[in-house]
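The values are calculated or read from the model by the stated rules, or taken from the named source; none is laboratory data. Computed from a predicted model, the values in this text were never measured in an experiment. Don't worry about glycine lacking a Cβ; one is built from the backbone with ideal geometry, like all the others, and counts go over all protein chains shown.
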Amino acid sequence: MGGKGIAKVDDFTFFVESALPGDLAKAQITRLKPNYAEAKTLEIVSPSSFRVQPCCSHFGICGGCAWQNLDYPRQVKFKTKQVQETLEHIGGFLHPPVNSAIPSPEIFFYRNKMEFSFSTDHNNLPVLGLHKKERFDLVFNLDKCYLQSEISNRIVQFIQEFVKKNSISIYDLKTHQGLLRFLTIREGKNSAEIMVNIVTDKGNFPQGKTLAQLLSEKFPQIKSVVRNINPYKAQIAVGEKEELLAGKNFITEKIGDFVFEISANSFFQTNTKQAEKLYEVILRMADLEGKETVLDLYSGTGAISFYLAQKSQKVVGVESNPKTVQDAKKNAELNKISNCQFICEEAKTFLALALIRREAYDLVVIDPPRAGLHPQVVENILKLAPPKIVYVSCNPATLARDLELLCEEKYLLELVQPLDMFPHTFHIESVAKLAKK
C-alpha cells in the first residue's frame, strides 16, 4: 500500500516502511491509530525471495523508486493486484474485469522528462538534485539517476559545476530570495533531441545565455534551452513567462507514426516506449469503425486524439491549457491530420455547453489528472450518454470512485487494462472500457 509492506497481528494492520511481502523484519511503530499503525523497518531478519539489490546509490534517501529493491515481475503483479483491490474496495465492483498489467519495455533510463530542484547545503553551497524521501525542503546532490539517460545525468552534473563556479544565487524557501529554483530536462527518446528548462525567480540572469551556449557546444543533442520565470511562492517548475536562451522553444518526438512538437510545459507521457502501447490499448478499446464522432477530454498535446483520428470520422479534443492546445493544433498540422478539432475549455464547461447544443458523440475518451473527474463532469457525461466510454487514469483510487458513479445505472465496466508506466514506483496507469447498458 503506497509502497509500504502490510503486516497483520490479530486483525490489526501495520503499514511498514521499507518492508516487502515475505520479509521477516524488526520494526518500530512510528504512528498508532485505533485501527492501524505505521512503522519503520529497523532490521531485515530474513529477506523476501522477491528482494533484489537496488542499483542506485541514492536508494533509500531519494523520494523516488520506492520499489527498486523488489524484482520487476513481482512489481507488475502487485500493481495488477492494486488496481483489482482498489476497484473492489473503493468502487464496490465484485470481481472487476482486470487484465494483468502490461510491463514496461524498459525499466531503467525510461523517462523522457525529469525535474530537479536547486537548494543549498548546511555550508550554504549550491545543491542540484532530487528531494529526500518525504522532505519537500531537503535536496541531495545527484550523482546519477537510473530513470533518465546517461547524457541527461551528464547535463545535470555540468549545470551543478557551472552554478558553483559562477556563484549564482539559489532560491530560498524561507526568505523567498535568490534566483535558481528548478531544472527540467526533456528528451526525445526516438528523436534524440533534448530541451533544458531552467526555472528561476524573477530578476536578472546574466549567466543564462553563457550557460545555454556552453550546454549547446558540449551536448549537440540539446536543441532547446529556455528559462521559465516563476515569481510566486508556489514551488512548481512552471513559469508564467518564458525566455529562449538557445536554439528553438520546443523539441520534436515521434510516437508511432506521429511527430510531436513538445514545449517546456506541455503534457507528454513520460515513458515514451510504454506510451506507444498505451495509445494502442486505447485505440483497441475504442473499437472504432470509421464513422464515429469522438470526444477526447483532457486531450493534452493531441496524442490520443491522433490515434483515434485514424479510425474515426472526427475527433474533438478539449484541453484547458492554452499553450497545450496551441501545441496540439500545431501537431495536427505537422502530421497533416484534418479530422481533429482542438478546443481550449474546462471539461465541465465544454460538457455543459455541449448539452445545450444537443451534441452527440459515439465515444468519449477521458484522461484526467490524478484528482480524477469533477462531479459536474461525471454528471454531464451521464447526461451526454455516449454509447462507449474509455477512461485513462493514473490513479486507481479516483478511477474506482468515478467508475462507481458512471456504472451506477447507465454503464457496464467491460474491461480494465493496467500498464506500468513507472517501473520501481507504486504508480500504475489503467485504461477502462465502459459500454452503455
Quiz item: Scanning the range 47-62 for residues that are in contact with a Leu (Cβ under 6 Å, 6 or more places away or on another chain) and under 13 Å from P21 (Cβ atoms), which turns out surrounded by the fewest Cβ atoms within 10 Å (Cβ to Cβ)?
Solution: R51
Exercise. Starting from the range 21-35, take each residue that is in contact (Cβ under 8 Å) with a residue 40 or more places away in the chain and list its partners that are assigned to a loop (DSSP other than H, G, I, E, B) and surrounded by 11 or more Cβ atoms within 10 Å (Cβ to Cβ), counting only C-beta distances under 9 angstrom and pairs at least six apart or across chains.
Key: P21/S48; P21/F50
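So, S224, is that one in a strand (DSSP E or B), among the polar types (S, T, N, Q), in contact with a strand residue (DSSP E or B) (Cβ under 7 Å, 6 or more places away or on another chain) and over 30 Å from V76 (Cβ atoms) or not?
Details: in a strand (DSSP E or B): yes; among the polar types (S, T, N, Q): yes; in contact with a strand residue (DSSP E or B) (Cβ under 7 Å, 6 or more places away or on another chain): yes; over 30 Å from V76 (Cβ atoms): yes.
Answer is yes for this residue.
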Practice problem: Go through the residues of the range 102-116 one by one and say whether even a single one is farther than 24 Å from L419 by Cβ and out of contact with any Cys (no Cβ under 7 Å at 6 or more places or on another chain). | Solution: yes
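Quick grid of which residues meet (1) in contact with a strand residue (DSSP E or B) (Cβ under 6 Å, 6 or more places away or on another chain); (2) under 26 Å from L130 (Cβ atoms); (3) acidic (D, E); (4) in a loop (DSSP other than H, G, I, E, B):
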position	(1), (2), (3), (4)
T13	yes, no, no, no
A19	yes, yes, no, yes
E43	yes, no, yes, no
Q53	no, yes, no, yes
G60	no, yes, no, yes
Quiz prompt | Those strands (runs of 3 or more DSSP E) lying entirely in the range 299-376 with at least 1 residues under 19 Å from the mean Cα position of the chain (by Cα) and of a type in the set (D, E) | solution = 314-319
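Out of the range 72-111, which residues are within 30 Å of R154 (Cβ to Cβ) and either in a helix (DSSP H, G or I) or modelled with pLDDT under 95 (or both)? Don't jump to the end; show me each part of the working.
So the first thing to find is which residues in the range 72-111 are within 30 Å of R154 (Cβ to Cβ), and the list is 72, 75, 103-111.
Result: Y72, Q75.
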Exercise. Kindly establish whether V226 is buried (at least 19 other Cβ atoms within 10 Å of the Cβ) and more than 30 Å from I159 (Cβ to Cβ).
Key: no
Quiz item: Is there a residue in the range 193-200 that is more than 23 Å from K164 (Cα to Cα), in the same structural domain as F162 (by TED's automatic domain parsing) and either at pLDDT below 95 or in a loop (DSSP other than H, G, I, E, B) (or both)?
Solution: yes
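Condition check: modelled with pLDDT under 95 and either within 18 Å of F108 (Cα to Cα) or assigned to a helix (DSSP H, G or I) (or both). Does D143 satisfy that?
On the way: modelled with pLDDT under 95: yes; either within 18 Å of F108 (Cα to Cα) or assigned to a helix (DSSP H, G or I) (or both): yes.
So D143 passes the test.
Any chance the range 378-389 includes a residue that's in a helix (DSSP H, G or I), of a type in the set (D, E, K, R) and farther than 19 Å from E88 by Cα?
Initial filter on the range 378-389 (in a helix (DSSP H, G or I)): 378-384.
Keeping just the survivors that are of a type in the set (D, E, K, R) gives 379, 383.
Subsequent filtering for residues that are farther than 19 Å from E88 by Cα retains 379, 383.
Within the range 378-389, one or more residues are in a helix (DSSP H, G or I), of a type in the set (D, E, K, R) and farther than 19 Å from E88 by Cα.
So if I check each of L399, L405, L415, which one is in a helix (DSSP H, G or I) and more than 26 Å from T301 (Cβ to Cβ)?
Working: L399 fails: more than 26 Å from T301 (Cβ to Cβ); L415 fails: in a helix (DSSP H, G or I).
Selected residue: L405, the only one of L399, L405, L415 that is in a helix (DSSP H, G or I) and more than 26 Å from T301 (Cβ to Cβ).
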